[in-house]
Amino acid sequence: MGTLVQDLKYAIRMLAKAPGFTAVAILTLALGIGANTAIFSVVNAVLLRPLSYKDSATLFNVWGKFEKEGLPQNWISDPEYWDLVDRNESFSQIAAYALGGSANLTSADARPVQVSSASATASLLPMLGVTPALGRTFTAEEDQPGHSHFALLSYSLWRSQFGADPNIVSKSIQLDGETYSVVGILPKQFSLGGKQDLWTPLGLNRVKPRPRGNHYMRVVARLKPGVDFAQASVALTRFADYLRGAYPGNYGHGDEKDFGMFMVPVKEQLVSKLRPALLVLLGAVAFVLLIACANVANLLLAHASSREKELAIRAALGAGRARLIRQLLTESLVLAFAGGVLGLVLAYAGLGALRALVPASTPRMDEVHLDPLVLAFTFGVSLLTGLFFGLVPAWHIARTDLRETLNEAGRGASAAGRSNHLRAVLVVSELALAALLLVGAGLLIRSFSRLLEVSPGFQTQHLLTLELSLPEKAYPDGPPVQNFFTQLMARVTTLPGIQSAGGVSQMPLTENYTSGTVFFEDTSIPAEVPRLQEMGNLPFMEIDQRVATPGYFTAMQIPLVRGRFLTDADNASTQLVAVVDANFAHRFWPRGDAIGQRVAIDTMPTGKPDVQSKDPRWRTIVGVVGHVKHYSLDAEGREQIYFPHQQPLYGGFVPRDMTLAVRTSLDPASVTSAIREQVAALDRDLPLYNIATMDQLVSTSVAQPRLNLSLLVAFAALALILAAVGVYGVMAYAVTQRTHEIGIRMALGALPADVLRQVLIEGGRLAAFGVALGLVAALALARLMSTLLFGVKPTDPLTFAAVAVVLVCVALAACYIPARRATGVDPIIALRYE
């Protein structure tokens, strides 16, 4: 222990004598270690740390699927839930919940606020092991149809709207004009994906459930003790077979076994889309750290070479070679741990910036912090880093004959040659790693630029979007809802600066969508479309469905391909009509015309298609419009069909939640107040929410790829800078060592241009070898990024060529300064060098 303390004191004294060298080394390491700590803290929170639920490893989401109808993952309906509860073989507990709701929270002394809502069975929170911060969860009696006016508030809503008043529990609040009793406050960290301001009981009706085809719920189940994933999956397959046999009209479709069920771990469901990007970023920061280590190893190698005489004297005084190597490793570890401490500071600051950049919908980001595992990771990385870059000078000293070093004339060629060789190897490694990162960054840049070039199917400029939700109590049926939106559109379109306005049930790029089965009267459509044999071989398909007001297509500037748009004449007293997109028309009538064809979507209370009734509600297709990128710019999405808001859907249903699209000749934000006034003139209790320009919605939709790009470009830029510094350091040191040789050459008549060219050629060789090595590695590794790319192949030749040119140019630029310095060597002084 005494020897270790002595080594530490001596190491600190030696590092303090070279403050410039020490500061550069610590800062270089801090950048590498800090970046690794920050990204690992995200990986730890999102991918590694178990969910905070009770026995989370035994929790699974249960899904249905209709592969041939384009639904590889489908929600669960009420009857399916009850069937699963009654007939399941593998789960000890089953619960359900539904997301995506909204409500208007009103009070006497404040403007109405729109809040996001969710509903769950009373069994959900106890199954997850969630204990409210205040109050209690729902009881089984409260989770009954007609008895479900109870609410659990989220922690954030409790603080923002109720000032964290603990007395709110057991009091009442107004949601959509109806009274709800607050029974509790949820924990701060509770979330099941996305934002939910409050929860209410789901209130499933077992006696009169919703139609079997009405899929809207997510099901969570806990495995029974002793049952594994494989056994439960087999049991789910048997359960799906039972449903197909028991309800052939919903699942069987004759001999076609399209319907199935599967299960996914709750954690995997939550984070699976983030895993590829996080692993790529973790690999990127690991490469940055390796480059930093190579840089510091180069610095230490130069530092050790300048101390060879000192080390030789210590050896002559009795210090063994092992003792000297241990001393050098001690100095390396001191540098590494100092870099680790500073890296933690940088990581803490970086996490704050990262949280601001990460999309709000990213799961588990509120759990990212520097916990004990992250601190242990930083300690381990610092230790390994110190050993990694410390072994290079230690190995150099181990191969150096220290006795020759005492002879001033003999310290020369062999030791210097070995040192230069080691430094060249390190620089080549840096350049190869930098090439890997630059290829990754280049591919993401090309991918992102291709993504931004994609047309969403409408014009985004000067387009404002606003959401509005009408409460059922004030607007109980179709006509009041339709009249409200008709009056609102008429008012909004007369405002100054408004060119056109319309409403739609789901706005593109907002993560909201509705799909349903569409039946075709024409039985001659392509054979691959499924048929319902019980109904005369009637074709059907799952299609994205929208309800729109007249003016929506004009406001969005969605092009008309054939026929006409929806108009004010399309109302409840006229022929039922629909407008479809170009993909719909081309898929189902590839050689014909969709105009005039008839489709049906309505369902009877039994859940069977309304086309079985005596008076089928067939809807005539009157127009074909352009396809809209509804889900994201990089996903084509399903075919789309639009229905007039003035013509009720099944059971007289008319959507109460609508998004307004308002095209302006002014700054879109400048008309918000005027629109709000028109809404208040019709109903002062209605709030506008999710107000954004379409440009903002498009920007939000690409937030995740933009973040991936920003981080990888930042790491690649850091790697490029470190590699350039490494090349500069090697060439500068080589020029210093060759001062005597350069002086002799210039004394014998060599021109400065000859010296400049020679130094640049030597640096260019290192750059070319390092870049070539990096590009070969990138060819092998770039395929790991394929899931992050859009419109670009992992082996894109333009990216690889650009990276090669950039790296070689940067390396030559880094060589230029020492090369210019070499041309200024005075032959007389150089001949007396050393």
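For the reader, a short list of remarks on this structure follows.
- Of the residues making up the stretch 89-116, those that are at pLDDT 90 or above, open to solvent by 20 Å² or more (accessible area, probe 1.4 Å) and among the polar types (S, T, N, Q) are S92, Q93.
- Scanning the stretch 785-801 for residues that are open to solvent by 70 Å² or more (accessible area, probe 1.4 Å) and more than 25 Å from the chain's Cα centre (by Cα) returns P797, L798.
- Boolean, V62 is more than 30 Å from P372 (Cα to Cα), of a type in the set (V, I, T) and open to solvent by 10 Å² or more (accessible area, probe 1.4 Å): no
- Residue count for the stretch 65-86, restricted to those that are assigned to a helix (DSSP H, G or I), hydrophobic (A, V, I, L, M, F, W, C) and either surrounded by fewer than 20 Cβ atoms within 10 Å (Cβ to Cβ) or within 23 Å of the chain's Cα centre (by Cα) (or both): 2
- First in the stretch 513-530 and of a type in the set (A, V, I, L, M), second anywhere and part of a strand (DSSP E or B), Cβ under 6 Å, 6 or more apart: V518/M541; V518/I543; V518/V599; I525/P539; V529/P539; V529/M541
- The residue of the stretch 689-712 that is farthest from F484 (Cα to Cα), among those that are at pLDDT below 90 and in contact with a strand residue (DSSP E or B) (Cβ under 6 Å, 6 or more places away or on another chain), is S701.
- Scanning the stretch 559-588 for residues that are part of a loop (DSSP other than H, G, I, E, B) and of a type in the set (D, E, K, R) turns up R564, D568, D570.
- Under the condition of being hydroxyl-bearing (S, T, Y) and surrounded by 20 or more Cβ atoms within 10 Å (Cβ to Cβ), the residues counted in the stretch 476-491 number 0.
Every residue, every condition in (1) open to solvent by 70 Å² or more (accessible area, probe 1.4 Å); (2) without any contact (Cβ under 8 Å) to a residue 40 or more places away in the chain; (3) over 28 Å from T460 (Cβ atoms), yes or no:
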{"position": "L538", "(1), (2), (3)": "no, no, yes"}
{"position": "V547", "(1), (2), (3)": "no, no, no"}
{"position": "T554", "(1), (2), (3)": "yes, no, no"}
{"position": "V580", "(1), (2), (3)": "no, no, no"}
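- Looking only at the stretch 270-324, and only at residues there that are polar (S, T, N, Q) and at pLDDT below 80, the one that is surrounded by the most Cβ atoms within 10 Å (Cβ to Cβ): N298
- Within the stretch 326-372, considering residues that are part of a loop (DSSP other than H, G, I, E, B) and modelled with pLDDT of 85 or more, the one surrounded by the most Cβ atoms within 10 Å (Cβ to Cβ): V368
- The stretch 195-215, residues that are crowded, with 19+ Cβ neighbours inside 10 Å and charged (D, E, K, R): D197, R212
- Among the residues listed as A782, A804, A814, A830, the single one being at pLDDT below 75, out of contact with any Leu (no Cβ under 6 Å at 6 or more places or on another chain), open to solvent by less than 50 Å² (accessible area, probe 1.4 Å) and not in a loop (DSSP other than H, G, I, E, B): A830
- The stretch 5-26 residues that are closer than 17 Å to A297 by Cβ, paired with ones that are charged (D, E, K, R) and surrounded by 13 or more Cβ atoms within 10 Å (Cβ to Cβ) (beta carbon under 6 Å, 6 or more apart): A11/E331
To keep it simple, each residue is scored yes or no on (1) among the acidic types (D, E); (2) more than 30 Å from A349 (Cβ to Cβ).
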{"site": "R13", "(1), (2)": "no, yes"}
{"site": "A38", "(1), (2)": "no, no"}
{"site": "S41", "(1), (2)": "no, no"}
{"site": "L47", "(1), (2)": "no, no"}
{"site": "S52", "(1), (2)": "no, no"}
{"site": "D55", "(1), (2)": "yes, yes"}
{"site": "W63", "(1), (2)": "no, yes"}
{"site": "N74", "(1), (2)": "no, yes"}
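- Among residues of the stretch 460-475, those that are open to solvent by 10 Å² or more (accessible area, probe 1.4 Å) and assigned to a strand (DSSP E or B), counted: 1
- The set of residues from the stretch 688-712 being open to solvent by less than 10 Å² (accessible area, probe 1.4 Å) and outside any helix (DSSP H, G or I) comprises just one member, V702.
- Residue in the stretch 631-642 that is over 20 Å from S449 (Cβ atoms), open to solvent by less than 10 Å² (accessible area, probe 1.4 Å) and not in a strand (DSSP E or B) present: no
- M507 vs. criteria hydrophobic (A, V, I, L, M, F, W, C), within 27 Å of D657 (Cβ to Cβ) and within 29 Å of the chain's Cα centre (by Cα): yes
- Looking across the stretch 443-459, the residues that are of a type outside the set (A, V, I, L, M, F, W, C) and open to solvent by less than 20 Å² (accessible area, probe 1.4 Å) come down to S447, P456, G457.
- Just one residue in the set D228, D143 is open to solvent by 30 Å² or more (accessible area, probe 1.4 Å) and out of contact with any helix residue (DSSP H, G or I) (no Cβ under 7 Å at 6 or more places or on another chain); that residue is D228.
- Residues satisfying the stated conditions in the stretch 44-59, i.e. in a helix (DSSP H, G or I), more than 20 Å from A221 (Cα to Cα) and open to solvent by 10 Å² or more (accessible area, probe 1.4 Å): L47, L48
- Residue count for the stretch 492-523, restricted to those that are assigned to a loop (DSSP other than H, G, I, E, B), open to solvent by 60 Å² or more (accessible area, probe 1.4 Å) and more than 19 Å from N583 (Cβ to Cβ): 6
- Condition check for V671: part of a helix (DSSP H, G or I) and touching a helix residue (DSSP H, G or I) at 6+ places or on another chain (Cβ under 7 Å): no
The values are calculated or read from the model by the stated rules, or taken from the named source; none is laboratory data. These numbers come from a predicted model, not from an experiment. Glycine gets a Cβ as well: all are built from the backbone with ideal geometry, and neighbour counts include every protein chain shown. These area figures cover heavy atoms from the full protein model, side chains too; ligands, DNA and RNA do not enter into them. Shrake-Rupley method; radii C 1.70, N 1.55, O 1.52, S 1.80 Å.
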